[in-house]
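Colleague: One structure, pasted below without further comment.
The values are calculated or read from the model by the stated rules, or taken from the named source; none is laboratory data. All values derive from a computational prediction rather than experimental measurement. Here the Cβ is made from the backbone with ideal geometry for all residues, glycine too, and neighbour counts use every protein chain on show.
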Amino acid sequence: MRRGATIGICAAAGVVSFLIWGEIVSARASRRGLRPASPGAPLVVLVLGYGNRGERANAVNRYRARAAVRTATGPDDVVIASGGSVQGTRAEARILADAIEERGFRGRILVETSSRSTPENIENSIPLLERASQIAVVSNSLHAERARALLRARRPDLAERLVRGEEYRFGEIPVIKAVAAAMARLERWRPWRRGRAALSGLRHRRAVLNRGAERAA
């Protein structure tokens, strides 16, 4: 086998492995610490917006709209679309609401149009979640998990009502899943690296002080 073909096969195997890893990480994040929704009980689905430059939903927001519709299947389920106009002139929440309706959802949709970050998504949506008996947070799986963690920190009583959403489907947006998993891993690694650097600097300063004390003695 030629060297070029071998490199191509190795590269393809690496890409496939990366995508499969993203699937595994996303699948776990979509279920971690969550119970299934109780059939028949009304569900409030909080779907988080993504930066959208145009008037219509981009690929990420179309995916999140699909996930919201898959999750809100009961006759009394309510969808909350959250997101302000971060990258474009139109609020992400309104773009999401249109995309959700286009996908056949005929239930009630509430829009929260002030948020410009994930913490604000949670903070500004809390008043709309107060009376919910079940809450599902929908986004890409790792982003939704981060949002749930913010809700647990801010309002543990509401977090007790969290249930699984239907954002995860095998093979759907595989590149986004893998990239999101890699970014999440990087974010976890950065504090560790900063801590190691700070500890190394502290040890260096301590060694310098000790040498100075020894010379003075």
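Colleague: Among 142, 151, which is assigned by TED's automatic domain parsing to the domain that holds residue 93, of a type outside the set (Lys, Arg) and over 30 Å from residue 16 (Cβ atoms)?
Modeller: Testing whether each residue is assigned by TED's automatic domain parsing to the domain that holds residue 93, of a type outside the set (Lys, Arg) and over 30 Å from residue 16 (Cβ atoms) leaves just 151.
Colleague: Looking for something at pLDDT 95 or above, assigned to a helix (DSSP H, G or I) and over 26 Å from residue 182 (Cα atoms) - is there at least one such residue anywhere in the stretch 50-69?
Modeller: Within the stretch 50-69, one or more residues are at pLDDT 95 or above, assigned to a helix (DSSP H, G or I) and over 26 Å from residue 182 (Cα atoms).
Colleague: To continue, here is another question. Please go through the stretch 106-151 and pick out each residue that is modelled with pLDDT of 95 or more, of a type in the set (A, V, I, L, M, F, W, C) and assigned to a helix (DSSP H, G or I).
Modeller: Correct list: 122, 126, 128, 129, 144, 147, 149, 150, 151.
Colleague: What about residue 60, is it of a type in the set (Val, Ile, Thr), surrounded by fewer than 22 Cβ atoms within 10 Å (Cβ to Cβ) and more than 19 Å from the chain's Cα centre (by Cα)?
Modeller: Against the criterion (of a type in the set (Val, Ile, Thr), surrounded by fewer than 22 Cβ atoms within 10 Å (Cβ to Cβ) and more than 19 Å from the chain's Cα centre (by Cα)), residue 60 does not qualify.
Colleague: Here is a list: 160, 166, 123. Which entry is farther than 18 Å from residue 18 by Cβ, touching a Ser or Thr at 6+ places or on another chain (Cβ under 6 Å) and of a type in the set (Asp, Glu)?
Modeller: 166
Colleague: Out of (1) surrounded by 14 or more Cβ atoms within 10 Å (Cβ to Cβ); (2) closer than 17 Å to residue 142 by Cα, the odd one out for residue 33 is which?
Modeller: Going through (1) surrounded by 14 or more Cβ atoms within 10 Å (Cβ to Cβ); (2) closer than 17 Å to residue 142 by Cα one by one, residue 33 breaks only (1).
Colleague: Right, something else. Only one residue in 43, 48, 34, 19 is more than 23 Å from residue 126 (Cα to Cα) and either out of contact with any Cys (no Cβ under 8 Å at 6 or more places or on another chain) or touching a residue at least 24 places away in the same chain (Cβ under 8 Å) (or both). Which one?
Modeller: 19
Colleague: Scanning the stretch 84-103 for residues that are out of contact with any strand residue (DSSP E or B) (no Cβ under 9 Å at 6 or more places or on another chain) and among the β-branched types (Val, Ile, Thr), which turns out surrounded by the most Cβ atoms within 10 Å (Cβ to Cβ)?
Modeller: Among them, the one singled out is 86.
Colleague: Can you work out which of the residues in the stretch 70-83 that are within 20 Å of the chain's Cα centre (by Cα) and part of a loop (DSSP other than H, G, I, E, B) is surrounded by the most Cβ atoms within 10 Å (Cβ to Cβ)?
Modeller: So the residue we want is 83.
Colleague: Okay, next question. I want to confirm something. Restricting to the stretch 104-151 and keeping residues that are over 22 Å from residue 53 (Cα atoms), free of Cβ contacts under 8 Å to residues at least 60 places away in the same chain and among the small types (Gly, Ala, Ser), which single residue is surrounded by the most Cβ atoms within 10 Å (Cβ to Cβ)?
Modeller: Among those that are over 22 Å from residue 53 (Cα atoms), free of Cβ contacts under 8 Å to residues at least 60 places away in the same chain and among the small types (Gly, Ala, Ser), it is 107.
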